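So the structure is just underneath, and the comments pick up after that.
The values are calculated or read from the model by the stated rules, or taken from the named source; none is laboratory data. None of these values were measured; they are calculated from a predicted model. Note: ideal-geometry Cβ built from the backbone for every residue, glycine included; neighbour counts use all protein chains shown. Keep in mind that these areas ignore ligands, DNA and RNA; they rest on the heavy atoms of the full protein, side chains included. Shrake-Rupley method; radii C 1.70, N 1.55, O 1.52, S 1.80 Å.
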Amino acid sequence: MTTVSTAETLALVDEVLTRRAAEPGALLPILHELQDALGFIPADVVPRIAEALNLSRAEVHGVITYYHHFRSQPAAGRVLQICRAESCKAMGADDLIAHAEHKLGCAMHGHSIDGAYTLEPVYCLGLCASSPALMLGDELHGRMTPQRLDALLAQEAQP
Ligand code: FES
């Protein structure tokens, strides 16, 4: 699916580029700011970013695809991020992820069958003392188990 950015989106991208392009190591902060504002990095803004930073399109694309945090497509529904960094892995994150994939009917980076959720990995949510942790939308949840995840999703489904 190719996304065509609106004039409003392009104006926002240009404003961010004008303000930040001269910063040292500007690419990552720019990508973070654009994703925070737009929810993803539209493919058709990559050439603008590359030109503003004097990089190749392949370099910008490579950074976007290297970091799991960045999305090239809008997320479907709510974003469920499950931490798979060290502390959470040690406390059962792999089982939690397997359960979430089964429950939602999709693999990591996919969309649930009903389109209500996007499932994504994340690498530390700052909640290591309460591992395993996840973030659903903007809400952090620690000491998560498959049963607690089921309860959380069931609660979300309530009208
Ligand atoms: S390792 Fe999972 S929250 Fe820090």
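Structural remarks
- Filter result for the condition that a residue is farther than 24 Å from Leu12 by Cβ and touching a Leu at 6+ places or on another chain (Cβ under 6 Å), over Leu127, Leu134: Leu127
- Search result, residues across the stretch 17-57 that are of a type in the set (Gly, Ala, Ser), free of Cβ contacts under 8 Å to residues at least 40 places away in the same chain and within 15 Å of Gln73 (Cα to Cα): Ala37, Gly39
- Subset of the stretch 81-103 [open to solvent by less than 40 Å² (accessible area, probe 1.4 Å) and in a helix (DSSP H, G or I)]: Cys88, Ala93, Leu96, Ile97, Ala100
- Test: Lys89 is within 12 Å of the ligand (Cβ to nearest atom) and without any contact (Cβ under 8 Å) to a residue 60 or more places away in the chain: yes
- Residue list for the stretch 15-27, filter: assigned to a helix (DSSP H, G or I), open to solvent by less than 60 Å² (accessible area, probe 1.4 Å) and not β-branched (Val, Ile, Thr): Leu17, Arg20, Leu27
- Test set (1) assigned to a helix (DSSP H, G or I); (2) within 16 Å of the ligand (Cβ to nearest atom) - Glu120 fails condition number: (1)
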